[in-house]
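A short worksheet on the structure shown next.
The values are calculated or read from the model by the stated rules, or taken from the named source; none is laboratory data. For clarity, every value in this text was computed on a predicted model and none was experimentally measured. SASA here: full protein model, heavy atoms, side chains in, ligands and nucleic acids out. Shrake-Rupley method; radii C 1.70, N 1.55, O 1.52, S 1.80 Å.
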Amino acid sequence: TLEVSESIATVTLNRPEAMNALSIALRWQLYDVIRTVDEDSAVRAVILTGAGERAFTAGIDLKELGSIEGALGSAGSDPVKKNDPAQAIEQCRKPVIGAINGVAITGGFELALTCDVLIASTNARFADTHARVGVVPGWGLSQKLSRILGISRAKELSFTGNFIDAQQALEWGLVNHVVAPDELLPLARKLAGEMTTIDPEFLATYKRLIDDGYAANFGDAIEMEYKLASTANAEVSPEGVEARRKDILERGRKQ
């Protein structure tokens, strides 16, 4: 489902009866919705969550995977990735907040890692069961998890398939905040609302700089920043800085 209010798009994985498992149909719909909100100038921030309180998403629908030939083909193994929802989220120019309301398992864990910011309810739990299913990650988990948690913790999760709860995820730096279930979406909307007050073109550029730098080595990433700063900052006027400075001071006093 998709709801847009006050420049914030809330995208909800809505198969609660199936733990919001990512069926082929749901993956296609998610891809289409994310591309739609990315192209909608009225949307400045996105929240991705799951229906109910049991699951963000249990990952790729294993019933389909075990009964339909090629069911995994649209889950990241297609090099063209024409309908890859994970890639659509990563390429979205707007900030995407993952509001993890329940379990995020395997492909669901991967989908969470495509978001820019993760917050979790106390019901959230994370597990990588790729090795237990016998499927290689196709949405980046094998590389992202070690960069976020450190290689030893990432290997522990991936080699055991064990769950970590929301508090452990917070302590390990996987999520930014943990709140009660009824506080999850209000917090997501608060953070998203703050992001909508930033100039959208600047925010898209800044997001791309961070993501591209994260994927590069440190020296190349610093060079990326230097080149962008040299070009973009030359166009900044003293009058513009002064006007924004006053807004920043006023906002700081209210915080």
Taking Cα atoms only, helix 24-39 is inclined relative to the longest principal axis of the chain by an angle, in degrees rounded to 10, of 0 degrees
Rolling a 1.4 angstrom probe over the protein chains, ignoring ligands and nucleic acids, what is the accessible area of residue 227 in square angstrom, nearest 10? 120 Å²
Provide the gained length on full extension for the span residue 25 to residue 241, in nm with one decimal, where the gain is 0.36 nm per separating residue minus the Cα-Cα distance. 73.0 nm
Just one of [x] 131; [y] 175; [z] 143 is volume of the Cα convex hull per residue in Å³ calculated from these coordinates, so which is it? [z]
If I fit a long axis through the Cα atoms of helix 238-254 and take the longest principal axis of the Cα atoms of the chain, what angle between them do I get, 0 to 90°, rounded to 10? 60 degrees
With an 8 Å Cα cut-off and a minimum separation of 6 or more residues, compute the relative contact order for the range 98-255 in percent. 20 percent
If you only keep lysine pairs separated by 8 or more in sequence, or across chains, how many in the chain come under 21 Å at the Cα atoms? 12
The relative contact order of the range 111-177, taking Cα pairs under 8 Å that sit 6 or more residues apart, comes to a percentage of 49 percent
Compute the long axis of helix 200-214 from its Cα atoms, compare it with the longest principal axis of the Cα atoms of the chain, and write down the angle in degrees, 0 to 90, nearest 10. 60 degrees
Got a number for the accessible area of residue 30? Probe 1.4 Å, square angstrom, nearest 10. 10 Å²
If amide hydrogens are placed 1.01 Å from N in the peptide plane, which non-local residues have theirs closer than 5 Å to the one on residue 47? 9, 10, 11, 97
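So what's the convex hull volume per residue for the Cα atoms of the range 92-146, in Å³?
Working: hull volume 4.4 nm³, N = 55.
Cα convex hull per residue, to the nearest whole number: 81 Å³.
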At a 1.4 Å probe radius, which order do 226, 206 fall into by accessible area, largest first? 226, 206
For the range 142-253, build the convex hull from the C-alpha positions and give me its volume per residue in Å³. 151 Å³
Report the accessible area of residue 28, computed with a 1.4 Å probe over the heavy atoms of all protein chains in place, in Å² rounded to the nearest 10. 120 Å²
Under the helix-only model (-39500 (n - 2.57) for each DSSP H run of 4 or more, divided by the residues of the chain), the mean residue ellipticity at 222 nm, to 500 deg cm²/dmol, is -14500 deg cm²/dmol
